[in-house]
Amino acid sequence: MVYHGPSSGCKACRTRRVKCDQGKPACNNCTRRRQTCPGYADVFDGAHRSQNKVVIRRLEKQNAAREAESCTSTPSSEGSLDLTTTSTNTTTRSSIVMPQGPLQWVIYSAATEENPEDQDTPQHLERLRPSEFSDPGLGDTRLIIPESIKPDPQNASINFFFRYYTGTIYDPQLHNSFALLWQPMYLKSSENSPLRLATAAVTVNVAMMWNFRGCDARPARQLFTKALEATRKAIGDAAQTNMDELLMTILIFDLYDALVLHYTPGPLTYGKHKNGAVALLRHRGQANYATDVGQGLTNATRHALINYALSQRTIMPAESAQLFEHPSITGRVASQLDVLGTQIANTQARLWALRRQGNYSTPVSGQRRKAFEEIIADAIRIDDVLMAWKRNIPNPDWLPQFVAREDVAPSILDAGFYGNKCAVWADLTFVEIFNLYASRRIYTLQMVRQSLADEPTLLTDSRYRAILAKANSTIQTLVDLILETIPIHLGDTVVPTNPIHSSGIAFPYKIIRDPLTGEPRSIPDLEGSDFRMRAAASGGWMVFPHLLEIYRFAEPEDDADPIILRKGQLEWVKGQIKRLQTIFLFCDPVWFKRVPSQGTSTVTNPSSETYSTRASNL
């Protein structure tokens, strides 16, 4: 008889050993027997079930056998208890001593022994790179805790997420980022608050993805639904609700949807929670700017809206000028980049509204030409301000250090290295700011190119021909700069690698002399900081949207004018996108599917959605 895995029926049917139809909310067997259906086991609970009793019974048997074998030898010291347990390598055994203090938790992703009778998943899912435990000698008294002794899976997921994903940079010129605000607000929130439930939904989702259990699975979706219900109640009782927590919760909902889009493409409803965040900002009024937390949340909302507007070619919300131009959220250097991003999004929306007006040979073509000239002038002005923004960066850590190709490990070169050098920084937060700057400039210069393509009569003027040539060369340079950041994001990773096992990943680095102390230091610090594990956790999430933007600019889904890249570069970019899909199991975005263009272009290009939510929110 072939074993197809544990039954997924309700507990009552499994106890009676009868076939369950798995009806919801109650199965047919329980309904006919007029008894309460106990429901169905949870996949996540099955993966993290308690096996303490099983382990203890196994250890007792092993100890009994051991005592029987050694009954004629010298007895062990009184008061000590020797336990033997099977390690992750089934061919070796490790002896452990009963601890005097509390047990230490072994990371939840360590490989466990599967018990088919207790497991609720339909099939055994392998884990890549399981934790390895050394085989201590007879005199080694180090404690090795059985992998099956685990805390509550929800708390384990939350601890994992905050350990590996939240930010660590506190540069005063950086706006109060989403990641830095999240954990402190979570710790201050009450149990079963909307914020805690939303956090649990996202973190359980991330944990299940790293354990290859899928995205938006039932445990995460149930928590997400509970969080939505709790948020509705909180909105109904606004007088008793912490508005900062409520806004953070809505931003977390938006992040959850962004995660789902990377794994299960389908009907595009992404963006609806952004409207809720804007409505709450309107309701909060001056409270948005009264505290550092309020300012940080307002900044995070603006950042998410800019990315969405750029990807969808839509205008920013009508309230943007009122909500997002307050002096308290525009003075910092990183915030200034978002202020420019708002201008870029609105100018791009004007361009596409003008393009949708139809035939260029109408009697008002002179007005259209003037409108395109105004868009070009605005884009050039924004680009000049962006270059000035970079020149005025106050912290040299924001700028890259470059590592020559010959100074990089061969494994990194084999995994993905473009050109003769790569860029490194002390922290990925600085990398993201740099890539954001490059991306904003590409959007700006593409508006110049698109306007000249839509109104080719402008190219009879030598001034516009020079502008076009400069835009083409600058875009190529900016694309090269983004591609030079891939090694610092991914190192030599080419397969799914849990950040718990990040110590084996090679990253590029550069030794420089500290200007203050004169001592040599490594950029990044791979041994004395958390850089390696944070890059393994979120580096791919941060660089993936930038690569998708390049792909979309080079092969647009409609009649947009494609950017011009050097020969073979786009194919290299596509290869790195596939690499990221292999490492993080991302699916193809919806617009990867080629559809015929509806405009004048004869090129067959992708459809309309792009993932533009930044992993800097993680």
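The values are calculated or read from the model by the stated rules, or taken from the named source; none is laboratory data. Computed from a predicted model, the values in this text were never measured in an experiment. For neighbour counting, all protein chains shown are included, and Cβ atoms are generated from backbone atoms with ideal geometry for every residue, glycine included. Side chains are part of the model used for accessible areas, which takes the heavy atoms of the whole protein and leaves out ligands, DNA and RNA. Shrake-Rupley method; radii C 1.70, N 1.55, O 1.52, S 1.80 Å.
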| Residue identified as open to solvent by 20 Å² or more (accessible area, probe 1.4 Å), assigned to a helix (DSSP H, G or I) and not assigned by the TED database to the domain that holds TYR165 among LEU436, LEU413 | LEU413
| query | Among the residues of segment 236-255, is there at least one that is assigned by the TED database to the domain that holds ILE158, within 18 Å of ASN159 (Cα to Cα), without any contact (Cβ under 8 Å) to a residue 24 or more places away in the chain and within 21 Å of the chain's Cα centre (by Cα)? | reply | no
| note | When segment 562-571 is checked residue by residue, the ones that are in a helix (DSSP H, G or I) and either surrounded by 13 or more Cβ atoms within 10 Å (Cβ to Cβ) or in contact with a strand residue (DSSP E or B) (Cβ under 7 Å, 6 or more places away or on another chain) (or both) are GLN569, LEU570
| field | Answer residue from segment 479-504, given it is crowded, with 21+ Cβ neighbours inside 10 Å and aliphatic (A, V, I, L, M) and is farthest from TYR165 (Cα to Cα) among those | value | VAL479
| said: Given the criterion within 16 Å of the chain's Cα centre (by Cα) and either open to solvent by less than 10 Å² (accessible area, probe 1.4 Å) or outside the structural domain of LEU548 (by the TED database) (or both), identify the matching residue among TYR263, TYR289. | reply: TYR263
| message | Going residue by residue through segment 499-509, is there one that turns out to be touching a strand residue (DSSP E or B) at 6+ places or on another chain (Cβ under 8 Å) and among the polar types (S, T, N, Q)? | response | no
| said: So, in segment 453-509, exactly how many residues are assigned to a loop (DSSP other than H, G, I, E, B) and without any contact (Cβ under 8 Å) to a residue 40 or more places away in the chain? | reply: 2
| query | Restricting attention to segment 178-224, which residues are under 30 Å from SER335 (Cβ atoms) and β-branched (Val, Ile, Thr)? | reply | THR199, VAL202, THR203, VAL206
| message | Can you say whether ASP384 is within 30 Å of THR330 (Cβ to Cβ) and modelled with pLDDT of 95 or more, as far as the supplied structure shows? | response | yes
| remark: Selection from segment 194-205 of residues open to solvent by 10 Å² or more (accessible area, probe 1.4 Å) and out of contact with any Lys or Arg (no Cβ under 6 Å at 6 or more places or on another chain) yields PRO194, ARG196
| Has segment 315-333 got at least one residue that is outside the structural domain of ALA379 (by the TED database), of a type in the set (Val, Ile, Thr) and crowded, with 22+ Cβ neighbours inside 10 Å? | yes
| Within segment 530-546, tally of residues that are within 23 Å of ALA258 (Cβ to Cβ) and open to solvent by 30 Å² or more (accessible area, probe 1.4 Å) | 1
| task | Taking the options GLU519, GLU557, GLU527, GLU549, name whichever one is of a type in the set (D, E, K, R), farther than 20 Å from HIS262 by Cα and either more than 30 Å from the chain's Cα centre (by Cα) or buried (at least 20 other Cβ atoms within 10 Å of the Cβ) (or both). | result | GLU519
| Do we have GLU555 as in the same structural domain as PRO400 (by the TED database), closer than 30 Å to SER451 by Cβ and touching a strand residue (DSSP E or B) at 6+ places or on another chain (Cβ under 6 Å) here? | yes
| Are any residues in segment 391-444 of a type in the set (A, V, I, L, M) and either touching a Leu at 6+ places or on another chain (Cβ under 8 Å) or at positive phi (or both), and if so, which ones? | ILE393, ALA415, ALA423, ILE433, LEU436, ALA438, ILE442
| Is there any pair linking a residue in segment 212-224 that is acidic (Asp, Glu) to one that is at pLDDT 90 or above, with Cβ under 8 Å and at least six apart or on different chains, and which? | ASP216/ASN205
